[in-house]
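Q: The structure that follows is given in the form of structure tokens.
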Amino acid sequence: MADNDDKTEQPTSKKLSDARNKGQVPRSKEASTFFVLIAGVLSLWVFSSWLAIGMKQIMFNSFTLTREQVFSTDEFRRIFVENLKDVALPLIGIISILFVCAIVGSIFIGGYNFSQQALMPKFSKMNPLSGVKRIVSLNSLIELIKGIFKVSFIGAFCYFAISGKFAELMSLSYLDPLVAIKRGITLLFQLMIIIVCAMLPIVIIDVPYQKWNYIRQLKMSKQEVKDEYKDTEGNPQIKGKIKQMQFQMAARRMMKKVPEADVVVTNPTHYAVALSYDVDGTTAPLVVAKGVDEIAEKIKEIARETNVPIVRLPPLARSLYYTTELDCEIPRGLFQAVAQLLAWVMGMKAYKEGKQQQKPKDLDPNLPIPDELRF
């Protein structure tokens, strides 16, 4: 297995997809905390008045008791239920906003991801040696330094914020309960805004770092990239061997059709194309075999063994090779040239068999081939 120092390649899309399936996605605890703090600020701003009134009512219900109420269990139960009703609406609103923002903060980077593999128990995590390695790892050291910096940075912000409000906090006990509660909520609101402002630069630094660290952990070595390509695309050597075998099988099938051809047109050294034409049929002449170099020589060899005429017409041979696929009809633009060729071949065959007394004239090598079909 390659060392981490050898992992210089960016993770492939398959590696990233496999990591997501295992539940490995970039996450930022600081972003999640930041969104929860934002939720706290918003919820206090929206529900502060209702929360202050509810808390005042709780204090009134809890501290204005008669003698009979103090010694009555049922009365305490009633007061408890009333206190819950007084703060139920603002608490439900605050909790709902916190819940939504906590989810948003968790998927802020990395997106939503549900992995069944991550839910499966991993007994390897119970190994004490693995636990010690995680504790003394570089990531643990970075998290420790980040935690110390975060506490120090935010603590300094909070100290300077509270130090100027200490006397005001102490004087809340002398104010009217409703006024004191509203003022306390306002001070808490201001403190949370200060904490949010302190968290903002931490989040701005942490989010790019978590993305970078996530990619760094998934980096691959050159050998891993090659192995993955072999697994997904197949071994190039095996694929090449399969293509070679397929080509050989196709070539063998093609060679079996050469003896059935009416003529073989050659370059004469590089190209060979075998044509077949059914005089009684309604289709145009077909290319039943074609090839270059070694395959062309094999086609000509089989043609000689089976007495198939071989005609040297370089322009027509090249044109047929490049414009017509195997077992397909020739292009309409070559009908006239091929018709003259087949007429000459049939005339020579009839002359050799004695069916025709006069030998056909030599075939004109300059057969009519359109310019767009010349190669």
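The values are calculated or read from the model by the stated rules, or taken from the named source; none is laboratory data. The structure presented is a predicted model; accordingly, all values stated were derived computationally and were not measured. Every residue, glycine as well, gets a Cβ built from its backbone with ideal geometry; the counts of neighbours run over all protein chains shown.
Q: Does the stretch 108-128 contain any residue that is of a type in the set (Val, Ile, Thr) and either at pLDDT 80 or above or over 28 Å from residue 35 (Cα atoms) (or both)?
A: No: zero hits.
Q: Can you list residue pairs whose Cβ atoms sit under 7 Å apart, with the first residue in the stretch 79-93 being in contact (Cβ under 8 Å) with a residue 40 or more places away in the chain and the second being not in a helix (DSSP H, G or I)? Count only pairs 6 or more apart in sequence or on different chains.
A: Qualifying pairs under 7 Å: none.
Q: Something else about it: Do we have any residue at all in the stretch 324-331 that's part of a helix (DSSP H, G or I) and either over 30 Å from residue 12 (Cβ atoms) or modelled with pLDDT of 85 or more (or both)?
A: Looking through the stretch 324-331, none of the residues is part of a helix (DSSP H, G or I) and either over 30 Å from residue 12 (Cβ atoms) or modelled with pLDDT of 85 or more (or both).
Q: From 135, 148, 154, 181, grab the single residue that is in the same structural domain as residue 207 (by TED's automatic domain parsing), loosely packed, with under 11 Cβ neighbours inside 10 Å and either within 30 Å of residue 57 (Cβ to Cβ) or at pLDDT 75 or above (or both).
A: 148
Q: Another question about this same structure. Out of curiosity, is residue 47 free of Cβ contacts under 8 Å to residues at least 60 places away in the same chain, closer than 30 Å to residue 192 by Cβ and loosely packed, with under 14 Cβ neighbours inside 10 Å?
A: no
Q: Anything in the stretch 327-375 that is within 15 Å of residue 286 (Cα to Cα) and touching a Ser or Thr at 6+ places or on another chain (Cβ under 9 Å)? List them, or say none.
A: Matches in the stretch 327-375: 329, 330, 331, 333, 334, 337.
Q: When you scan the stretch 336-357, do you find a residue that is surrounded by 13 or more Cβ atoms within 10 Å (Cβ to Cβ) and farther than 26 Å from residue 307 by Cβ, even just one?
A: Checking the stretch 336-357: at least one residue is surrounded by 13 or more Cβ atoms within 10 Å (Cβ to Cβ) and farther than 26 Å from residue 307 by Cβ.
Q: Within the stretch 268-278, restricting attention to residues that are at pLDDT below 80 and within 19 Å of residue 315 (Cα to Cα), which residue is surrounded by the fewest Cβ atoms within 10 Å (Cβ to Cβ)?
A: Only one residue fits best here, namely 269.
Q: Right, next: Can you tell me which residue in the stretch 21-72 is nearest to residue 88 (Cα to Cα), limited to those that are part of a loop (DSSP other than H, G, I, E, B) and either of a type in the set (S, T, N, Q) or not assigned by TED's automatic domain parsing to the domain that holds residue 107 (or both)?
A: Among those residues, the one meeting the criterion is 64.
Q: Are any of the residues in the stretch 196-203 surrounded by 14 or more Cβ atoms within 10 Å (Cβ to Cβ), assigned to a strand (DSSP E or B) and either at pLDDT below 75 or touching a helix residue (DSSP H, G or I) at 6+ places or on another chain (Cβ under 7 Å) (or both)?
A: No, the stretch 196-203 contains no residue that is surrounded by 14 or more Cβ atoms within 10 Å (Cβ to Cβ), assigned to a strand (DSSP E or B) and either at pLDDT below 75 or touching a helix residue (DSSP H, G or I) at 6+ places or on another chain (Cβ under 7 Å) (or both).
Q: Of the residues 345, 273, 265, which is in contact with a Lys or Arg (Cβ under 6 Å, 6 or more places away or on another chain) and of a type outside the set (Phe, Trp, Tyr)?
A: Among 345, 273, 265, only 273 is in contact with a Lys or Arg (Cβ under 6 Å, 6 or more places away or on another chain) and of a type outside the set (Phe, Trp, Tyr).
Q: Of the conditions (1) more than 30 Å from residue 18 (Cβ to Cβ); (2) out of contact with any Phe, Trp or Tyr (no Cβ under 6 Å at 6 or more places or on another chain); (3) touching a residue at least 24 places away in the same chain (Cβ under 8 Å); (4) surrounded by 14 or more Cβ atoms within 10 Å (Cβ to Cβ), residue 186 clears all except one; give me its number.
A: (4)
Q: When you check residue 40 against the structure, is it surrounded by 14 or more Cβ atoms within 10 Å (Cβ to Cβ) and closer than 30 Å to residue 221 by Cβ, yes or no?
A: No; evaluated as a whole, the condition is false for this residue.
Q: Could you say which residue among 240, 281 is modelled with pLDDT under 75, assigned to a helix (DSSP H, G or I), out of contact with any strand residue (DSSP E or B) (no Cβ under 7 Å at 6 or more places or on another chain) and farther than 30 Å from residue 19 by Cα?
A: Every option except 240 fails the conditions.
Q: If the Cβ limit is 8 Å and pairs must be 6+ apart or interchain, which residue in the stretch 348-373 that is closer than 18 Å to residue 267 by Cβ pairs with which residue that is at pLDDT 75 or above and part of a loop (DSSP other than H, G, I, E, B)?
A: Hits for this filter: 363/313; 365/313; 367/313; 373/331.
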